[in-house]
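Visitor: The structure's right below; bear with me while I get my questions together.
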Amino acid sequence: MNSSVNFPNLIEFAPIALLVLGGLWSMLRATSRENKFPIVALTNMFFLPTILWQGYVYILYLPSSDCYHVSSILFSRELIVLFSQLIFLIIAYLAALNFSEPKYQNKLGLGEKLALVFFATSGGYVLLATQNLVTWYLSLEILAISSYALVGANLTSKASTEAAIKYLIQGALGSCLILFSFAAIYGVTASFDFEVIKGLLSQADRSVVLLSLGFFIIGLSLKLGLVPFHYWVADVYQAAESATTNYLASVVKFAVAVAGFLIISEVFIDLVGSFNKLIWVIIVLSIVIGNLLAIVQKDAKRMMAYSAIAHTAYFSIGFLEPILKVFEQAFYAYLVFYTILSLITFTAFDALEEDSGLPISSLRGLIYRSPFLGTVLLLAMLSLAGLPPIFFALLAKVFVLKALLSAGYIGLASVILLGTVLGCYYYFKLISLIVSPAEDDTFRPVYITPVKVISLSLLMLTLIYYTIYPSRIFDYLAKLI
Amino acid sequence: MNFNLSIVLQVLLLTPILGAVCLFLKAGKFCELRPDWMYKFVTWSVLLISFFIPSALLLGGIGLVEFAWFPSMGINFSFYADGLSYLAILFTAFIFLTYGLLNRGQSAGFYGNLLLIEVSLIGLLLSVNLLVFYFFYELMLFPIFYLMTANGNAASKKAAYQFLLYTLAGSLCLLLAIIYCGYSYYQTQGYFSFDLSALLSHDFSLQEQSYLFLGFFIAFAVKSPIFPFHSWLPATYANAPKGLAIIFAGLLFQAGIYGLFRFNLILFPEAFAEFAPVLAVLATIGIVYGALLAWRSKSIRGLMAYASISHVGFSILGLASMNPSGVSGGLLQIFSHILIAVGLFTIAFAMERRNSSELISDFQGLASKAPVFSFFLICFSLASISLPLTISFVGEFQVLAASFIKFPVITCFALLGVILGAVYMLGFCQQVLFGEPKEEEFKDLNPDERVVLSSLLVLILVLGIFPRLISDILTQVASQQLKQNPLEIFEIKDQQQKQKKTDGLLLANFPIAQHE
């Protein structure tokens, strides 16, 4: 174990330092009344170097596929971790760009919001790579507490405050369960280190270990918003500002899902089989209830919140033991696909939203009011429904179904297909609004900022690129794992 | 001149795609062009290009085009053209062309989505990789939904959802079955493949075959439609705006029957043999039930929608007979149905445009007002009830002759459909053409409609008089795919009677063979 800070070690800390620095700068900006530094410049200034740095580290480690730890307290340097961190930083950057929209400029606490985004991002960054239960928990809390505050940051809206409280209470419950689980693990193994725990768990008292894993799975479901722990999702997604919703639905979900997946596949891999039934029930409930409740929603953000529950369940099949062991790509492939689409959807919603909430009728005739935004949202909805022309969506689903069939979960595969049919109903409800001609009194052209055009085009081009060359992502993921 | 098949097929697929992209750009005001000219240009080019397929097949040799798309999953863009897909593409291109004549001056989005439907139909007729087939199979959903909702009223929106959900539920069963096919191949070979050629060499156990058969069957049964999966059809046909029922009734169903032939029959022959009696019964129910409902129908499009359920039943019955003669008859029935359904729906569309009424009872005594219209209505009605010398007679006769050998009792019931067909079609003609003329003016057909209907009629007659123009191709395809000699079905198990009976049956049942 090398404790001296030499060059490679500095590399590990630079992204975190940059992110925290960005957060501090935004807080400073919030306190000064004059000389407002443009938000978009601030975001670019700290995010872009972080992404470049991470990309550099990734390329640095790329030739050596064996993993090693720089220090036991901090980071795993497995390629898949570095890769997820890179993706995480990119999507966090794209989500953070939304805060520079003109409509947020005159609102209270813009600087603080950006600071919270920076802090949450640094928390998520550590969460993905950490090899220690305490750091894992702490970084999760940094991510979560920043998110609670972000949800409540729309100071003029009562709904936003209410949603923040709901989110706080249920998120805290999740944190408690996870903390309890970690405490129990420490109780039987006397260690927080993943490697050490993994070796000792098999000899430890089985009932305690199973109890702690059960708590962990339920805590994770609460954080991910799976049924029956989903009560906060719809309220929070609807009441928060769209930029915040975007951050929660894409960035936070990505970090928590990957981190949960990594900890289960690294530490609990031999035990998680005992909970297959529980996970199965959670997944089935999430698919059915998420899709059914989405159908009756009148608010587009709320509808997408329920759809997010269902999609979370689709990639959560990765937590089932046989898939966890053999078909990890299915989890990553679907997660990456869903994250991109969720970013596209909520970024587009952000351009449309005026006050809090976005009634679905405001999407009417979008393709005529703004051909670009309409087309992007149309393609996103078709992809979420798993239909061409963006075939990447279907390939990701094919991966999930292939994994399920190989593991013998034919019933679950059928449930996913049933969920897809239900899902198509409400996606097509939005699609039919988008393409139906706008009545004259509702015809308002939509203004999109260049920043949004660029980020949406980038995301769309990524999807199209991977539709044309699917091997480049799927095979690449297989190689990384 | 040597035409490379791969180039022909690529151009064939890319032309409508590029056309659709141009039209969408026009719809988004990114470029300037005349939408209906563009549509006409593209559909003409597709028709002309598809004529090159046979010469390319003859000269180029191999009929397989492959681009690796996702090799590690065994998904390749493999396209293959044989006689069946060639004919189907030719007919599809022709119908899209005629539809452009009937609907001038629509928006760019309208034409763009029509071209997307054309792409998806051509693509699925060509693709021999199951997942690529699925891609094209699903590609048509959004354009249809768009055309139904953006141009329609509340009823057509409701019908669009119904169509969408039915088709999706079916096609997701198809997806599950396709993935299982690939997985089953993986279990024996160690790598995934969704290529038809690879899967044909794979042995599925009978139990696997039955489940996979059902997965494929449900999807295609919804699309065709086969009783009892037909309930989306009347609503969709009755509410499709702007004469889109012409496209739906004339072209979409062929995807289902084509799929049943290309995948169910060829990939899972043993399961198909198991299910053949069930299929025959369902087809017969469809034939009789569709005919009965058509008889009682009060609206023009309702009548034609139920009539098409009845006609599609004959195709399925032909496939269920599982012998080259019946199968090729069933396939021939696809083309006869395309011509007749398009003709009849064009007439229905013309009637509705003139009188803005959908009820049969609102029309009376048109024979004296619109002689050309009446001529075409009579001709297409007679074709619809399979008068000899029309193409439908050939198909129906082949189907009934072949299925009688396998399912004599069921076929007798199916024959009822032929009689009922005459009852409802002639009843419809009598009501509309004769009797006391009503006060309202009824303009005779305009030049566009005359051109479309007469070209269809010429095809119906020419192919009815010289059926071997296409039936030879279809028989060859069917016997090739079934790996059976066309005459093999007539082999009787009893060796002693074999020679005598075969001669007798051959003479009785092979009117087409007599040309030789």
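Laboratory data are not the source of any read-out in this text; all were calculated from the coordinates shown. Every value quoted in this text rests on a predicted model; they were computed, and no experiment measured them. Backbone-built Cβ (ideal geometry, glycine too); neighbour counts: all protein chains shown.
Visitor: Nearest 0.05, what FRET efficiency do B:Leu416 and A:Val296 give at R0 = 45 Å with Cβ-Cβ as r?
Guide: E(calc), rounded to 0.05, equals 0.45.
Visitor: Rounded to the nearest 0.05, what FRET efficiency do B:Ser454 and B:Leu359 give with R0 = 35 Å and r taken as the Cβ-Cβ distance? Could you check?
Guide: In this case the efficiency is close to 0.80.
Visitor: Pairs of Cα atoms under 8 Å, at least six residues apart: use those to get the relative contact order of chain B, whole percent. Don't skip to the end; give the middle numbers.
Guide: Working: 806 pairs, mean separation 65.6, N = 516.
Computed over chain B, the figure is 13 percent.
Visitor: Counting partner chain Cβ atoms within 10 Å of every residue's Cβ in B:164-171, what's the average?
Guide: Mean shielding by partner chains, rounded to a whole number: 5.
Visitor: Treat every Asp and Glu Cβ in chain A as -1 and every Lys and Arg Cβ as +1, leave all other atoms uncharged, and give the resulting dipole magnitude about the Cα centre to the nearest 20 debye.
Guide: Working: 27 positive and 26 negative charges, 107 e Å.
My answer is approximately 520 debye.
Visitor: Can you tell me how region B:276-359 classifies by the Cα gyration tensor, rounded, prolate or oblate, using a/c under 1.5 as the rounded cut? Write out the running numbers ahead of the final one.
Guide: On the way: a/c = 5.73, a/b = 1.90, b/c = 3.02.
Judged from the Cα gyration tensor, region B:276-359 comes out oblate (a/c at least 1.5, b/c at or above a/b).
Visitor: For the pair B:Asp444 and B:Tyr191, how long in nm is the line joining their label points, each one 7 Å along Cα→Cβ?
Guide: Reported label-point gap for B:Asp444 and B:Tyr191 is 6.7 nm.
Visitor: In addition: Quick one: A:Arg206, A:Arg29, fewest Cβ neighbours within 10 Å first, how do they rank?
Guide: By the 10 Å Cβ count, ascending: A:Arg206, A:Arg29.
Visitor: Quick one: if you stick a label point 7 Å off each Cα along the C-beta vector at A:Phe180 and A:Gln203, how many nm between them?
Guide: Roughly 2.9 nm, to one decimal.
Visitor: Could I ask something else about it? Nearest 500 deg cm²/dmol is fine: what mean residue ellipticity at 222 nm does chain A get from its DSSP H runs of n ≥ 4 alone, each adding -39,500 (n - 2.57), divided by its residue count? Before the final figure, lay out each step's value.
Guide: Numbers: 22 runs with 353 residues, N = 481.
Calculated mean residue ellipticity at 222 nm is -24500 deg cm²/dmol.
Visitor: Note down the net charge around A:Ile434, summing +1 for each Lys or Arg and -1 for each Asp or Glu among other residues with Cβ under 13 Å from its Cβ.
Guide: +3
Visitor: So, one more: Would you list, by chain and number, the lysines whose Cα falls below 24 Å from the Cα of B:Lys40, excluding same-chain residues fewer than 8 positions away?
Guide: Within reach: B:Lys26, B:Lys29, B:Lys242.
Visitor: Let me ask another. Just rank B:Trp37, B:Trp232, fewest to most, by other beta-carbon atoms within 10 angstrom.
Guide: So the residues, fewest neighbours to most, are B:Trp37, B:Trp232.
Visitor: Further question: Name the residue from A:Leu150, A:Phe46, A:Leu201 whose Cα lies farthest towards the positive end of the charge dipole of chain A, charges +1 on Cβ of Lys and Arg and -1 on Cβ of Asp and Glu.
Guide: Positive-end residue among those listed: A:Leu150.
Visitor: Could I ask something else about it? Rounded, prolate or oblate: which fits the protein assembly as shown, taking a ≥ b ≥ c as square roots of the Cα gyration tensor eigenvalues, rounded meaning a/c under 1.5, else prolate when a/b beats b/c? It would help to have the intermediate numbers written out before the result.
Guide: Numbers: a/c = 2.43, a/b = 1.75, b/c = 1.39.
Taking the square roots of the gyration eigenvalues as a ≥ b ≥ c, the protein assembly as shown is prolate.
Visitor: Mind checking which of A:Ile263, B:Leu126, B:Pro16 is farthest towards the positive end of the protein assembly as shown's charge dipole, using Cβ charges of +1 (Lys, Arg) and -1 (Asp, Glu) about the Cα centre?
Guide: B:Pro16
Visitor: Moving to a separate point now. Based on the alpha-carbon gyration tensor of chain B and its eigenvalue square roots a ≥ b ≥ c, which shape applies: rounded if a/c is under 1.5, prolate if not and a/b is larger than b/c, or oblate?
Guide: oblate
Visitor: Find the relative contact order for chain A and round it to a whole percent, using C-alpha pairs within less than 8 Å whose residues are 6+ positions apart.
Guide: Relative contact order comes out at 13 percent.
Visitor: Still on this model: A 31 angstrom limit on the alpha carbon distance is what I want to check against. Which of A:Lys298/A:Lys325; A:Lys113/A:Lys402; A:Lys198/A:Lys479; A:Lys223/B:Lys223; A:Lys107/A:Lys298 exceed it?
Guide: Distance filter (> 31 Å) returns A:Lys298/A:Lys325; A:Lys113/A:Lys402; A:Lys223/B:Lys223.
Visitor: May I ask which residue of A:Ser212, A:Ile317, A:Tyr306 lies farthest towards the positive end of the charge dipole of region A:188-318, with charges of +1 (Lys, Arg) and -1 (Asp, Glu) on Cβ and the Cα centre as origin?
Guide: A:Tyr306
Visitor: Between B:Val409 and B:Phe466, take the C-beta separation as r, use R0 = 41 Å, and let me know the FRET efficiency to the nearest 0.05.
Guide: Using R0 = 41 Å, I get an efficiency of 0.75.
Visitor: Given Cβ point charges of +1 (Lys, Arg) and -1 (Asp, Glu) and nothing else, what value in debye, to the nearest 20, does the dipole of chain B about its Cα centre take?
Guide: On the way: 26 positive and 28 negative charges, 148 e Å.
Once rounded to the nearest 20, the dipole reads 700 debye.
Visitor: Just tell me how shielded A:392-400 is by partners: mean number of partner chain Cβ atoms within 10 Å of each residue's Cβ, no decimals.
Guide: 3
Visitor: Moving to a separate point now. Can you list the DSSP H helices in chain B whose Cα atoms extend at least 20 Å along the helix axis and whose mean Kyte-Doolittle hydropathy is 0.5 or higher?
Guide: Those that pass (Cα extent of 20 Å or more, hydropathy at least 0.5) are B:5-27, B:35-60, B:83-102, B:108-126, B:154-189, B:206-223, B:269-296, B:300-320, B:324-355, B:391-406, B:408-433, B:447-465.
Visitor: Counting Lys and Arg as +1 and Asp and Glu as -1, each charge on the Cβ, what is the dipole of the protein assembly as shown about the Cα centre in debye, to the nearest 20?
Guide: 1040
Visitor: Figure the gain on full extension for A:Val446 and A:Ile464 (residue separation times 0.36 nm, minus the Cα-Cα span) and round it to one decimal in nm.
Guide: Working it through step by step, the gained length comes to 4.0 nm.
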